[in-house]
1. Where does each of 103, 42 land when they are ranked from fewest to most other beta-carbon atoms within 10 angstrom?
2. Given labels modelled 7 Å from the Cα in the Cβ direction, how far is it in nm from residue 71 to residue 106?
3. Based on the Cβ-Cβ distance from residue 50 to residue 118, what FRET efficiency comes out when R0 is 41 Å, to the nearest 0.05?
4. Please give the helix 50-61 orientation as an angle from the longest Cα principal axis of the chain, in degrees from 0 to 90, rounded to the nearest 10.
5. If you line up the long axis of helix 128-137 against the longest principal axis of the chain, both from Cα atoms, how many degrees apart are they, to the nearest 10?
6. Can you tell me, using C-alpha contacts under 8 Å and at least 6 residues apart, the relative contact order of the chain as a whole percent?
7. Based on other C-beta atoms within 10 Å, arrange 41, 158, 71 from fewest to most.
8. How far apart, in nanometres, would the label points at residue 62 and residue 136 be if each is projected 7 angstrom from Cα along the Cα-to-Cβ direction?
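Derivation of every value follows stated rules applied to the coordinates shown; laboratory data play no part. Small disclaimer: the values here were computed from a predicted structure and weren't measured. Don't worry about glycine lacking a Cβ; one is built from the backbone with ideal geometry, like all the others, and counts go over all protein chains shown.
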């Protein structure tokens, strides 16, 4: 089973990202992330067996943290040389190190973690320089929302894009 640990976005955050996607859409060839698939990945686990899933569930349920606020920040790309992913940065991802620590003897730690929501995957660009200018000039309404839970999710790859299914939910408490 292909799995990851993630946080769902608020409707306001999804609407803001969809506005950004609409502005970007005519400027590249590729695929926008659908609204129901927009999320913040805390840790990608990859293909794991059912026995390991039970251990992961148990460990994740031991995480104790209070609800916290996330804020949408900037639009960007990972590599300006080879543009493949367009993202919106998310600030204040307090939960990620806790997830990493509780799974560190099963999965490798995320040394280069940057809180982001993948909003599009680029296949090709007609004009890379003008696209980068557009990205750099784009502003994001800094939408903030409370995170009250996180999820262990399954990612099912299909020809029409991934389908995400919740395996388990972990509630944050004060």
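1. Sorted ascending by nearby Cβ count, the order is 103, 42.
2. Using points 7 Å along Cα→Cβ, the separation is 3.4 nm.
3. In this case the efficiency is close to 0.90.
4. So the helix axis and the longest Cα principal axis differ by about 90 degrees.
5. For helix 128-137, the angle is close to 70 degrees.
6. Value for the chain: 34 percent.
7. Least to most surrounded, the residues fall as 158, 71, 41.
8. A separation of 4.7 nm, rounded to one decimal place.
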